[in-house]
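Reading through the structure tokens given below for one structure.
FYI, it's all coordinate maths here, none of it is from the lab. Note that the structure is a prediction, hence the values are computed from the model and not measured. Glycine gets a Cβ as well: all are built from the backbone with ideal geometry, and neighbour counts include every protein chain shown.
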Amino acid sequence: MTGRMVLQLALLLALAMPAGAAHDELAATLRGVAEENTRAYDAEDTDAVLRTMHTRSPEYDPTRAALAEQFRDSDLTVTLIDFKYMGHDDEFAAARVRMQVVGSPGSGFQDNVTDSILLFHREGGVWKLWSDDVLGVQFTGP
Amino acid sequence: MTKKGIGLTLCLSLSSACVSQTQWTPTVDTYGSSRAQFVTRDQQECRELAMQASGSTAGQTAQGAIGGGLLGAAAGAAIGAAAGSAGRGAAIGAAAGGIGGGAVRGTQSNAAFQRAFNQCMRNRGHTVLS
């Protein structure tokens, strides 16, 4: 799924966003998935990170491969600093998130905050990360 | 693997623009050319020059093609590793002019790279077809 498709789907989902308890419950569920992704990443727990991802996501294999290198060579702190539920249909749900990634001092890592739209998709009845589209990056130092 | 190595590796896996700038080579017609034996050498040198001319540092290519590849926290980690020495406080994408700005920058950077690469090869006496 291309970035443009992600954005279009996210906007459609946002327009279709229902109100009420179901909305709040789903938003909380999706937020939990995003939080678990960042928590697991922070703990460098590859299996736990992958459990937050849909196994048929086009980004699953590239991410799994990258995690091995990132965890081996970096010591990063990841924080979910904002989460805004946008909407859903029968298959997908969307949220806009901001994640902060900070490297260890002197590592040469460029600390940043990414602003992304995450798409979620059910797998086995469980909402998981399907894809994302990074809207922008704020480099924060060092 | 060093941080720079990580960044380059991730850049290659993440970024269509990055991949194309690393692998893309203009098509050169060597028929009747007295400089045919220099094509490979000139391509290597022109690639480096085109990277500089288009501002295609590892960080910028990563920034320019951040729309896909890695998911969740891993995306920000890859961007930070690839960006390396990008300027403090720099911002791209939404903060720089709207949704999709990062991808637009990548496309522009890629086109500038190809133009510079082609011009460099022509300046060295090669017939560039694309």
Where N is the number of residues in chain A, Cα Rg divided by 2.2 N^0.38 Å: 1.05
Derived scalar couplings ³J(HN,Hα) [the range B:114-124; Karplus, 6.51 cos²θ - 1.76 cosθ + 1.60; whole Hz; x for Gly, Pro]: 5, 4, 5, 4, 4, 4, 4, 5, 5, 4, 9
For the range A:110-127, Karplus couplings with θ = phi - 60° (6.51, -1.76, 1.60), whole Hz, Gly/Pro x: 8, 4, 7, 10, 9, 10, 9, 9, 9, 9, 10, 9, 6, 9, x, x, 10, 5
Test item: A:126-133 mean partner chain Cβ contacts at 10 Å: 3
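Using a 10 Å cut-off on Cβ to Cβ distances, tally the other chain neighbours for every residue of A:57-68 and report the average as a whole number.
Details: counts 1, 3, 7, 1, 0, 9, 9, 3, 5, 13, 5, 0.
Mean number of neighbouring Cβ atoms from other chains: 5.
How would you rank A:90, A:61, going from fewest to most other Cβ atoms within 10 Å of each one's own Cβ? It would help to have the intermediate numbers written out before the result.
Numbers: A:90 5, A:61 10.
With the sparsest Cβ surroundings first, the list reads A:90, A:61.
Give me a single rounded figure for A:22-33: the average over its residues of other chain Cβ atoms within 10 Å of their Cβ.
Working: counts 0, 0, 0, 0, 0, 0, 0, 0, 0, 0, 0, 1.
The per-residue average across the peptide is 0.
If you take every DSSP beta bridge fully contained in chain A, what fraction is antiparallel? Give it as a percent rounded to 5. Mind dumping the intermediate values first?
Details: 33 of 34 bridges.
Taking every DSSP beta bridge within chain A, about 95 percent pair in antiparallel fashion.
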